[in-house]
Amino acid sequence: AAPSAALSPDKNSSSASTGGDSTKSDDEPQQTVIPNLAAYVQVNPNLTQLFEQVKGGPLSTHITLDLLKRSVPIAVDNAIREIIQPVVERSVSIACITSKAILTKDFAMEGDEKKMQKAAQLMVANLAGSLALVTCREPLHSSISTHLRQILSSAINDATGNSSTSTQLGELEKNALDQCCAICSTDNLELGCRLIEKAATEKAVRKLNDTIAPALATRRDTREQKGQLYYDMSIFGSENQRYPRELPDMLRPKPGGLRPEQLLVYEAFQRIPRQPQPTQSSSESQSGQSTGDASNNSSSHLNMNAIQAIALKLDKTVETLLTTAGPRAQEISLAMIPPEHEIKQLIAAIPRVVDASSIGSADTDSILSFSQGILKRIYEVDLSQRLRLEALIALLEMLNKICPQLGRNIGTWTQYAPTANDAQRKLHRAVLLLLVRSDLVQIDALDAHLAKSADEGRDQVWLEFLILFVRAATLENIVPPAKMPNMINIIQLIA
């Protein structure tokens, strides 16, 4: 059972007390607005091992497991209440408008108000909940981490007597604190999402019930008072109205109401599966990585939340480095980054949070879907940000070690990359070179594809692309000409 989400987004949740008063004693439990939330929040007991590398500093001295157990529920509570109102309002509005429009059409000739009400509740609950989940996941993850960092930093300042100023942390301490916050956020993300989903679902059902109440009453009164079945002819509108007149026959409302197979469409909403929760928290796997005990602590099953957290942290770390570098950012490559840097450490963490021997078919699908998103992100990167390109491709390279199917699919995915203009083709060429260098795209398949695209030299756009690709691959020692026979033949043909 989940904690009750006493979070009506209609209320002024932002003014509610967080219960995070730092004047409370260590033994006095801090309260959350969401009842009993602390009982469901996960705090991995191994998290404090993150701070062993900075012994003697304020983190190892003042951040204890008890402090984390008090702070994480407050951070989760604050984060949920911070984003719940806009997420729920938007999700409920879209779900209710969509459901009402479809129900009005489908049930225009359905006289049984109970069937209509049940279908309405199933549809709007699923739509609102799904929209809320999709909308809240990223901002909630970021918000939990931010609130927890603020709470822990405040606790450190109070403990060191620097309540008026911030205690200065070293680079290693900042990284350890950021990683601790990211792990706690990832471990409790699913809980927060479910609470927001529950709030959206309940509000959507109430709102749609109120919206369709007149239609339900009309159907009931028509049957009970007149002994007739109700038909809503208003949906047919004027002669110039296309719908539902131009709908396929099976979708048009017909006398007698919905047939059983049509009602199954609505009943299916309650059978749509939700994404399963991870079988092991990311803190178990990531803290194991940080303490060098990955073999004992890494997840025995796929933990997509942990992988997503690493990818998110990697992107932010690269962004910080590029921003710091300023005008020289375009000169930075992944090869220039030392092994101990956080970027390299994050990339190397991927195999440690997943046991490749336990990957099943469902896990493979999850990795492939996630990797498609990464590849899409790659094609949105500015070509001047070489470090970001190489870091994302290195991430795919690590995922390929866990899921070899990825390497067999990327080549096909790249064939659908945007290449409508010169800038897109230039980026596409750079990406292909990096993918080939990382063995994520097989050169023999790419050789055949690019040669076919050039059409024996008749397609000038792809001919130029092919020539520049061969030149770069050869000069950068990525692929020898002997492994690109089809492209070399075309170049010799037009020479």
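Annotations
- Stretching K316 away from I102 to a fully extended chain increases their span by 72.9 nm, per 0.36 nm per residue minus the current alpha-carbon distance.
- In plain terms, the chain from S142 to A423 could stretch by 97.9 nm, reckoned as 0.36 nm per residue minus the Cα-Cα distance.
- Accessible area ranking (1.4 Å probe, heavy atoms, ligands and nucleic acids excluded), largest first, for K316, K483: K483, K316.
- Net length gained if the chain between R377 and A495 were fully extended (0.36 nm per residue, minus Cα distance): 38.7 nm
- Seen from L406, the other residues with C-beta closer than 14 Å to its C-beta sum to a net charge of -2, counting Lys and Arg as +1 and Asp and Glu as -1.
- Between A335 and A362, the modelled label-to-label distance comes to 4.3 nm, taking each label 7 Å out from Cα in the direction of the beta carbon.
- Peptide ranges 180-188, 142-150, 433-441, 324-332 listed from the most packed, as the mean C-beta count within 10 angstrom indicates: 180-188, 142-150, 433-441, 324-332
- With K and R counted +1 and D and E -1, the other residues having a Cβ less than 13 Å from that of I310 yield a net charge of +1.
- The simple spin-label model puts a point 7 Å past each Cα toward its Cβ; for Y416 and Y40 those points are separated by 3.7 nm.
- Summed residue charge, Cβ within 13 Å of T211's Cβ, Lys/Arg positive, Asp/Glu negative: +3
- Simple label model, 7 Å out from Cα along Cβ direction - R220 to R206, nm: 2.0 nm
The values are calculated or read from the model by the stated rules, or taken from the named source; none is laboratory data. Note that the structure is predicted; figures quoted are calculated from it, not measured. Using ideal geometry, Cβ is built from the backbone for each residue, glycine included, and neighbour counts are taken over all protein chains shown. Surface areas here come from the heavy atoms of the whole protein model, side chains and all, with no ligands, DNA or RNA. Shrake-Rupley method; radii C 1.70, N 1.55, O 1.52, S 1.80 Å.
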